[in-house]
Amino acid sequence: MPRCTVALTFVLLAVLCAACSGSSSATRTATHTTAPATATLTPVQFGAAQLRIESASGARVIEVEVATTPAQTERGLGYRDTLAPDAGMVFDLLTNRAPGFWMKGMRFPLDMVWIGEDKRVVAITAGVQPQPGAPDSQLLRYPPPIAVRYVLELNAGAAERLGIVTGTQLSFELP
């Protein structure tokens, strides 16, 4: 084997070993990353449904994605750049409870619509802002005022624009 091939193989092996071993400071930095690149995220598939809003201004139907599994609930709308104007995500909590929602990986503000088991709006937390760069431990948690079965996330300002207020009746069938 020519000398340059042996030397090149040795250099490549040394670089590979150094890359695999890493230092403790490099590992510590990597674990604090709060907004991974989309390409490194595990894909999560969501169901889809239509959500009907019965408000004082009339009935409207919007398309929503549906999150029911732990992986879907954790990812939510995080790590996306936008959400269509008349779209959202419904989280089915599978039981009545008062969860704390956070803005992990969010890049745009949201309205959080808290919905009871009867699919009636019990409260709205409007204009929740993302917290880019904040570690998970410092992200604010947003709980509903009472236990809810569902949570609807919309673009900030969409709840008002769509006529959604406390007491609004929603109807949807989840997959």
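For TYR142 paired with ARG80, estimate the spin-label separation in nm (one decimal), with each label point 7 Å from Cα along the Cα-to-Cβ line.
1.5
So which GluC sites (Glu not before Pro) in the range 105-175 are both in a DSSP loop and have at most 11 other Cβ atoms within 10 Å of their Cβ?
GLU173
Per-residue HN-Hα couplings for the range 60-77, Karplus 6.51 cos²θ - 1.76 cosθ + 1.60 at θ = phi - 60°, whole Hz, x for Gly and Pro?
9, 10, 10, 8, 10, 8, 10, 10, 10, 8, x, 5, 5, 5, 5, 6, x, 8
Would you kindly derive the ³J(HN,Hα) couplings of the range 144-154 from the backbone phi angles with the Karplus curve 6.51 cos²θ - 1.76 cosθ + 1.60 (θ = phi - 60°), listing them in order in whole Hz, with x for Gly and Pro?
Once θ is set to phi - 60°, the couplings for the range 144-154 become x, x, 9, 4, 10, 9, 10, 9, 10, 9, 10 Hz.
With a 1.4 Å probe and every protein chain kept in, tell me what percent of the accessible surface of the range 113-175 is carbon plus sulfur.
54
Given the convex hull of the Cα atoms of the range 31-175, what is a quarter of its surface area in nm²?
Computing the convex hull of the Cα atoms and averaging its projections yields 8.1 nm².
Can you tell me the length gained on complete extension of the stretch VAL165 to GLU63, counting 0.36 nm per residue apart and subtracting the Cα distance?
In short, 34.9 nm is gained.
DSSP loop (so not H, G, I, E, B), at most 12 other Cβ within 10 Å: list which trypsin sites (Lys or Arg not before Pro) in the range 79-173 pass both filters.
ARG141
The values are calculated or read from the model by the stated rules, or taken from the named source; none is laboratory data. Source: prediction; values computed, not measured. Because the Cβ atoms are built from the backbone with ideal geometry, glycine has one as well, and the counts that use them run over all protein chains shown. SASA here: full protein model, heavy atoms, side chains in, ligands and nucleic acids out. Shrake-Rupley method; radii C 1.70, N 1.55, O 1.52, S 1.80 Å.
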